[in-house]
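What follows is a single structure, written as structure tokens, with notes after it.
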Amino acid sequence: MQAVILAAGEGKRMHPLTHTRPKVMVPLAGKPILEHVLLEIKQAGISDFILIVGYFDQAIRDYFGRGEQWNVSISYMTQRKQLGTADAVKTAGSLINGSFLLVNGDAVVKAEDLKNIIATGENTMGLVELEDTTDMGVVEIEGEKVVRIHEKVDNPPSNLINAGAYLLTPEIFSAIADTPKSPRGEYELTDSLELLIEQGIPLRYAMIGTWINVTYPWDALQANEDILAEMESKNEGTIEDNVVIKGPVTIGQGTTIKAGSYIVGPVIVGENCDIGPNCYIRASTAIGDYCHIGASVEVKNSIIMSHSNVPHHNYVGDSIIGENCNLGAGTKVANLRLDKRNVLVSNIDTGRCKLGVIMGDRVQTGINSCLNVGCSIGNDSYIGPGIVASGTIRPRAKIF
């Protein structure tokens, strides 16, 4: 069987992280979201992949190649214009032979749940039960079948949502051919599935136990925490004397943990990093490759992407730092409102009382700068010495 992964989208709600990469390449626990998806599918028994790419597609092609590193086979199809999920599946039609697994590249479904979907042998949709179905596609079921799919309705008839994981038979292509454009101007796969239901072709469902979905940047922090919670310790680097490590910690090749560092897992540190001396790395932190976390630095519950430096007397909490960023000495991130209310980003309630900065790639801060709670900084921006940065800052901004 083949697996088709939808990986063409930009993910505008993930700005500023997706100004410079596709959403599926945002890292969680040291790997792009898409790699976690691929590994779960492989564990479910599939090794033949078709990736449908589009936005910043070269980043995906360069990272995954033809799949040799994972002992799988990867082919690519390019969706030139983002015309919807049904159009994306149609794009891959010439490469698909028989029934196939279709998954979203930005949501991780565990291998056991994927096996349950595959085992039905019929058109099947993976469903997740959620308390809050806001902005989600909601599904009605009767017996073992899906009878209706609702897209983001005000009064949802159930709390079962479409998880974006399907087993589809070749019947889907005739339905796609008859699918009209939606009010959004796209060809929606859910509309194609509705056509199958109307034609009397059953659409089964399979419940999914674990679903790691990322919609906004702050969702990546929770997803990172969930994945790290299952991690086991592994050390391929160098640990100097007088280093304290507690809990599961993974250290990559070529990385040195210098004296006086204190690390409380789960934490993952990538390859060729320079950590310490005398730094404090707290739980649920993922540090990419070629990073420097230096003297008197504290990092907590954060994602630090590759080639970024947090080197001198810095505090970073509940934050995402993009690639090739550098924090000047004394830069501090605020992660808790004084009134203890939920943090807002661009007037969106994040649902989190603790959230620091969401920082795009190649951002630099000057000495003693302060980044306020929920601050979003676009790529290639400069925050000058002593500046207090708040709110949403556009890419390539210079604030002095």
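Key figures
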item: The range 327-348, residues that are more than 25 Å from the chain's Cα centre (by Cα), assigned to a loop (DSSP other than H, G, I, E, B) and surrounded by fewer than 23 Cβ atoms within 10 Å (Cβ to Cβ); result: Gly328, Ala329, Gly330, Arg337, Leu338, Asp339, Lys340, Arg341
item: Odd one out for Ile212 among (1) free of Cβ contacts under 8 Å to residues at least 60 places away in the same chain; (2) in contact with a His (Cβ under 8 Å, 6 or more places away or on another chain); result: (1)
item: Evaluation of Glu112 against (1) within 23 Å of the chain's Cα centre (by Cα); (2) part of a loop (DSSP other than H, G, I, E, B) (one fails), failing number; result: (2)
item: Unique residue being at pLDDT 95 or above, of a type outside the set (Lys, Arg) and more than 22 Å from the chain's Cα centre (by Cα) when the list is Leu371, Leu355; result: Leu371
item: Count of residues meeting criterion [in a strand (DSSP E or B) and closer than 15 Å to Cys375 by Cα] in the range 304-326; result: 5
item: Which numbered condition Gly84 fails, given (1) in contact with a Gly (Cβ under 6 Å, 6 or more places away or on another chain); (2) at positive phi; result: (1)
item: Filtered residue count, the range 205-263, keeping only those that are in a strand (DSSP E or B) and closer than 30 Å to Glu10 by Cα; result: 6
item: Flag for Thr20 being assigned by TED's automatic domain parsing to the domain that holds Glu186 and buried (at least 18 other Cβ atoms within 10 Å of the Cβ); result: yes
item: Out of Asn379, Asn368, sole residue that is over 22 Å from His15 (Cβ atoms), assigned to a loop (DSSP other than H, G, I, E, B) and touching a Gly at 6+ places or on another chain (Cβ under 8 Å); result: Asn368
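The values are calculated or read from the model by the stated rules, or taken from the named source; none is laboratory data. All values derive from a computational prediction rather than experimental measurement. Methodologically, a virtual Cβ is constructed for each residue, glycine included, from the backbone with ideal geometry; neighbour enumeration extends over all protein chains shown.
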